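The values are calculated or read from the model by the stated rules, or taken from the named source; none is laboratory data. Model, not experiment: these values are computed from the prediction. All Cβ positions, glycine included, derive from the backbone under ideal geometry; neighbour counts span all protein chains shown. Ligands, DNA and RNA are stripped out before the accessible areas are found, and what is left, the full protein with its side chains, is counted by its heavy atoms. Shrake-Rupley method; radii C 1.70, N 1.55, O 1.52, S 1.80 Å.
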Amino acid sequence: MQEWIRVISRSSSTLEVALNHPEKLDVHIFKKMAADDYCLKSMLHDPKRALIRYSIQDLVTLSDFLEQVTFENEDGYLFLKNLFECAIAVNRNKPVLFDPSFVFVSGYGDAFFFLVVPLQLEEWMFQKERIQEWVQYLRDHFKTTTDYEIPGFLVRFLQAKEFSLPNLVLGLDQLKRVFHPKRNVFFWNHKKTAFRLKEPIHALYDSSVASAPSQDHTQLIGQTIEQGAYLETLSGDQRFELHFESTSIGRSIASDIRLPEDSISLKHAEILCENDRYYIKDLKSKNGTYLNDKKVIRKMRLKDQMIVTFGGVSFRFRQEDA
């Protein structure tokens with residue numbers, strides 16, 4: 001599936017790709033992507049070159065996740081069912097890149113985000129073989145200490161004429177009932193109904209090394225970095241790039257900048273970029289958003305060196321060309 005895109009640069013927070021055939025770009029796909037919580041948040045950076053920037057903050061690739069996790073006690077069923085159901089939902093009307101390096105998982109393994117490539121319909125209309133290759137990868141890299149029947153089931157199902165993701169979910173449900181029958185109401189009510197790791201895992205690749213850009217893109221990427229804006233901790237040991245027209249801040253795993261603190265609301269605030277100017281907007285958070293100790297009631301302009309506080313967490317806003 002690499003014939004669709006090539007990677008221009010990659011960091012721990014951002015993935016930038018270019019379509020191999022810019023003339024096949026379909027900008028209408030972006031509206032569908034924006035309305036779908038299972039899509040990576042994206043921005044068309046350069047329409048002529050078809051450069052697209054995706055946010056991957058706090059996410060790991062599916063390949064990295066499977067490399068580090070061994071499932072037990074029915075967790076494999078819960079994880080795969082959630083993964084396949086999310087894939088079905090996002091793939092209904094959008095071209096999903098079914099590649100384990102471009103499907104992303106939260107560190108806890110309880111949420112999935114897919115890279116959608118905004119291509120014209122004829123380029124992605126039929127994806128059965130690509131989905132089968134993706135499921136084959138899952139089968140080959142699935143590790144378990146208890147549910148050894150799952151890899152065997154995936155092998156048989158890949159060869160079935162009725163192969164499809166919806167049928168795969170139904171088959172997994174039937175297999176689970178056979179190997180893990182409901183014994184009685186008391187114990188069933190105490191079974192896990194969703195998969196989530198106790199501790200998050202992290203990406204295996206070195207995020208400090210970005211893919212080398214092609215020569216004709218070097219200037220574009222350099223300008224983006226030079227003129228960028230970001231939030232940095234007051235100690236200066238961590239920063240969050242503001243690459244997008246809209247950057248969400250909150251405790252939710254779906255936030256572009258996730259702050260897992262009790263003082264932070266699930267959807268706490270939003271930073272907007274309009275004509276190279278940045279603004280902060282509070283999203284009716286419980287503990288408020290403050291700009292230089294002034295409570296944000298309406299959209300307020302951000303300027304270099306201003307202190308932004310979300311609940312009990314403070315950052316310094318930086319815009320290097322300001």
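Please tell me if L59 is at pLDDT below 95, open to solvent by less than 50 Å² (accessible area, probe 1.4 Å) and within 13 Å of the chain's Cα centre (by Cα).
Values: at pLDDT below 95: yes; open to solvent by less than 50 Å² (accessible area, probe 1.4 Å): yes; within 13 Å of the chain's Cα centre (by Cα): yes.
Judged against the criteria, L59 is a match.
Would you call S235 hydroxyl-bearing (S, T, Y) and either under 26 Å from S11 (Cα atoms) or in contact with a Cys (Cβ under 7 Å, 6 or more places away or on another chain) (or both)?
Working: hydroxyl-bearing (S, T, Y): yes; either under 26 Å from S11 (Cα atoms) or in contact with a Cys (Cβ under 7 Å, 6 or more places away or on another chain) (or both): yes.
Taking the combined requirement at face value, the residue satisfies it.
Would you kindly identify the helices (runs of 4 or more DSSP H) lying entirely within the stretch 131-191 that contain at least 3 residues that are at pLDDT 90 or above?
Numbers: elements: 149-158, 165-179, 185-188.
Passing ranges, in order: 149-158, 165-179.
Here is a yes/no grid of residues against (1) closer than 26 Å to T247 by Cα; (2) in a loop (DSSP other than H, G, I, E, B); (3) open to solvent by less than 10 Å² (accessible area, probe 1.4 Å); (4) touching a residue at least 40 places away in the same chain (Cβ under 8 Å):
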{"position": "V27", "(1), (2), (3), (4)": "yes, yes, no, yes"}
{"position": "K48", "(1), (2), (3), (4)": "yes, yes, no, no"}
{"position": "E85", "(1), (2), (3), (4)": "no, no, no, yes"}
{"position": "S101", "(1), (2), (3), (4)": "yes, yes, no, yes"}
{"position": "F104", "(1), (2), (3), (4)": "yes, no, yes, yes"}
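I'd like to verify a number: residues in the stretch 264-313 that are touching a Phe, Trp or Tyr at 6+ places or on another chain (Cβ under 6 Å), assigned to a loop (DSSP other than H, G, I, E, B) and closer than 13 Å to T247 by Cβ, how many?
Residues that pass the stated criteria total 1.
Can you tell me how many residues within the stretch 206-252 are surrounded by 14 or more Cβ atoms within 10 Å (Cβ to Cβ), at pLDDT 50 or above and not small (G, A, S)?
Selection size over the stretch 206-252: 12.
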